[in-house]
Structure formats: structure tokens, C-alpha cells
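**Q** Please read through the structure below; I'll follow up with questions.
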């Protein structure tokens, strides 16, 4: 069995941005004093004339990015997810989303796996904030390879994009050169008993949960929801039509996240029992990422429990 390498998704962003820089002279990058943390230093070194260090002035960064699009540039902004959304929501809404500017908002250190920096730097509300903005595409990647490919793919998409990724090293298990298709989920495992729809860091936890379920003679279907908006309705409905129940898993608040989007879809098209693995109306806290994931019940054990619970409701 091939050994799974651990790599951080933010490095996938950095690699994708550098590759884009070499391929497309219109790609420019802006950072809010976190070049090393966002792995944007390679782009800065290679293309100093196309890199803008704006300092700790995130709102200004969004306004500059919006302005750069008018001249045909494709700006990629980089800072922590908390500062990419919560701190600058007004600028994104007014200057980017409202006018449909071609800005790529790239957000690292999302969720509680930011770890020791604590609740003030963690964010569990960003997907909800971004998906409610008309015309905003929302992507949440699961590993290094997928983050690199998503970074490359969003440069060809016309319109604002929110790309969310993380800080810790996680299993890098998706195919190295698998093209990223915006708006398309990926089936990772066929199953007939329960559908698990996971996103971001929880995709690997869903894979681990499915292994444990198999030992209990439960066949779980795993769908990697790479794009939260627009949602891949077909892959979701096709799966639930077969299994008749669903579990969602995400490193985000239960309110406003992936689970809410899928619940809305199923309530309209195919009502069925459903359970959600997400943070339940709480802020994060300082701690080791793996311990926080366990405390907030965002791991394979709790995905397994949710599957067992939903199966009893079928």
C-alpha cells in the first residue's frame, strides 16, 4: 500500500500561484504582511514587479485588488481566512462582489486547525459569509494537490472567487495532476447504505470513517464537495437517491456551511434523514489542531457515530 504523504494545503496554493505566474503575465498577487505564512514568497521572488505587499491593511488590499481588475489584471489576495472575510466583508461586498470584479480571494489558516493562535485568528463563519454574496464562487480544498490545481483553475474563471485552505500538514491523497473543475464534486468511494458529503480537512476523516464502517458491514459512499457554491446538485441527489440518508462533515459552523446548503437542496428535492458534523454555535480556542478537532467532534469517530445515527432514522 502506498504511503500517504503529509503536506499543508497552503503550500499547494503557493505552488499553484507560482505556476500561474509563469503561465499568465496578467496574474498579480497581493499580501497583507503574511507572505511566508501564505507561501507566496516564491511568487514574490520570481515576479517582484507583480507582487504587492500592502501590510496589515486588508481592507485596502481588497480595494486595490478590485481596481487592478479594471486594467485586465487577475489579482490573487492572500491572508488568513479570518482577515480575508470577517475583517473586510464590506469591501468584498461593495467593491468586489457587487460589481462582479475578477478578484481571487485566497484564504489560508481557515477553521480551528489554525490551532494555537486561538479564537481571534480562527474563523468558522467564512463559508457562510462568502456563499451568501451573489455571484461569489466558494471553494474549499482537501489536500495539497487539490489546492494547487484549484489555484490554477480559478485564474480562468471570470468573476470573484473565495478559495479556502489551511495551515496544518494533512494527508495528500488526491491525484497529483487531476484537473480541478469548479462546481463538480468528486466521488471517492461507492456505497449503498449512507452518503457522506465532506469538504476540506474533513474529507480524509470521512475516508477513515468509511473504513471503520466497512468493518461494521456498512457501505458508505464518500463525496468530496470541493465547491460549496455553486453546489454540485446532481452528484448529491444521485447519491442520496441510492442511500436514502446523508451525513455532512466540515470544519465550519453548522449554521451557514456546507451542511446547510445540502439540507436546503434535499428539503426541496429529496427529503431524507440527515446528520451534520460541524461546530455547533461555538467559537474556537487555543490548542493543538488535532486535539481541537477531537474536542469539537470533527473527526472520523464522530463521522462514524453520525452515520450510525442517521442509519437508525432511515
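**Q** Only helical DSSP H runs with n ≥ 4 go in: add -39500 (n - 2.57) per run for the chain, normalise by residue count and round the 222 nm mean residue ellipticity to 500 deg cm²/dmol.
**A** After summing the helix terms and dividing by the residues of the chain, the value is -10500 deg cm²/dmol.
**Q** I would also like to ask the following. Would you work out the relative contact order for the chain, in percent, from Cα pairs under 8 angstrom that are 6 or more residues apart?
**A** Worked out over the chain, it gives 18 percent.
**Q** Give the relative contact order (percent, whole number) for the stretch 234-314; include only Cα pairs under 8 Å separated by 6+ residues.
**A** 36 percent
**Q** Rounded, prolate or oblate: pick one for the stretch 263-314, where a ≥ b ≥ c are the square roots of the eigenvalues of its C-alpha gyration tensor, a/c under 1.5 means rounded, and failing that, prolate if a/b is larger than b/c, else oblate.
**A** oblate
**Q** Another question about this same structure. Arrange 105, 154, 4, 74 by Cβ neighbour counts within 10 Å, fewest through most, would you?
**A** Fewest to most other Cβ atoms nearby, the residues stand as 4, 74, 154, 105.
**Q** Any idea what angle helix 144-154 forms with the longest principal axis of the chain, computed on alpha-carbon atoms, 0 to 90 degrees, nearest 10?
**A** In the chain, helix 144-154 runs at an angle near 60 degrees to the longest axis.
**Q** Right, another one. Label-point separation (nm) for residue 57 and residue 263, each offset 7 Å from Cα along Cα-to-Cβ?
**A** 4.2 nm
**Q** Apply the a/c threshold of 1.5 to the C-alpha gyration tensor of the stretch 176-314 and tell me whether it is rounded, prolate or oblate.
**A** The shape class here is rounded.
**Q** Using alpha carbons only, how many degrees (0 to 90, rounded to 10) separate the axis of helix 300-312 from the longest principal axis of the chain?
**A** Roughly 50 degrees, rounded to the nearest 10.
**Q** Which shape class, rounded, prolate or oblate, goes with the stretch 36-134 when its Cα gyration tensor gives a ≥ b ≥ c as root eigenvalues, a/c under 1.5 marks rounded, and past that a/b bigger than b/c marks prolate?
**A** oblate
**Q** Measure nothing fancy, just the Cα-based angle from helix 258-269's long axis to the longest principal axis of the chain, in degrees from 0 to 90, nearest 10.
**A** 60 degrees
**Q** Among 88, 247, 138, rank each residue by its count of other Cβ atoms within 10 Å, from fewest to most, as a rough exposure measure.
**A** Going from least to most buried by this count: 88, 138, 247.
**Q** Follow-up. Just want the ordering: 112, 196, 181, from fewest to most Cβ atoms lying within 10 Å of their own Cβ.
**A** With the sparsest Cβ surroundings first, the list reads 181, 112, 196.
No lab work stands behind these numbers, since they all come straight from the coordinates. Just so it is clear, the model here is predicted, and its values are computed rather than measured. A quick note on method: Cβ atoms are made from the backbone with ideal geometry, for glycine too, and the neighbour counts reach across all protein chains shown.
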